[in-house]
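The values are calculated or read from the model by the stated rules, or taken from the named source; none is laboratory data. Note that the coordinates shown come from a computational prediction; the quantities given were computed from them, not determined experimentally. Reconstructed Cβ throughout: ideal geometry from the backbone, glycine too, with neighbour counts over all protein chains shown.
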Amino acid sequence: MHGYFHDAALAGGMDEYPSKPVQRTELQRILSWAADRLDEMAGSMVLTPTTVKALEPALVEHEGVWFDRDSALERLGGDEELFAEVAGVFRDDSPKMLDDLKQAIAANDAVAVRRTAHGLKGAAGYVGGTKVAETAVEIERLGAANELAETSRLFADLEREVIRLSGVLARASQPVAL
């Protein structure tokens, strides 16, 4: 059965999207696919202080965390239930991702650092965690360049921001009482 969202997604060039009910493995596969597409697009994007300033109104600083709930909801077709589910997946999976990244840093494994940071970047970007995604991008870049000296310091920042984002997501995905 094709609905409005399905037709609009295909017309907009989306080849992948989750259908309801969303299964965790399917969502993770799509998140990985989307992160790869964003990486392809990022190669042609240039962020300057002017473009960042132009984007600031879309970002909301919430308890010290850059969190863009509106864009996360937009990516999910405005579906609040799906947002709550995706936020839950991030909260459930991010501790394992952080642990994997910490182990990769300790093992001085640049390939694993890059790969794990890349996954965390995509997951955070999908839920609107712009600060987490930004820090993960930097760690990913260092892993790709095999320059791991700074990753320990950045990991501490990343871990703190993931914890904050998880708290914000827990509150942001709660039903609104009327």
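Overview of values
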item	result
Residue satisfying all of: in the range 127-139; part of a helix (DSSP H, G or I) and among the hydrophobic types (A, V, I, L, M, F, W, C); farthest from the chain's Cα centre (by Cα) among these	Ile139
Single match in Leu142, Leu154, Leu158 (criterion: within 15 Å of the chain's Cα centre (by Cα) and assigned to a helix (DSSP H, G or I))	Leu158
Residue in the range 97-113 that is in contact with a helix residue (DSSP H, G or I) (Cβ under 8 Å, 6 or more places away or on another chain) and under 18 Å from Arg29 (Cα atoms) present	yes
All helices (runs of 4 or more DSSP H) inside the range 24-116 with 3 or more residues being basic (Lys, Arg), closer than 17 Å to Arg160 by Cα and modelled with pLDDT of 85 or more	80-106
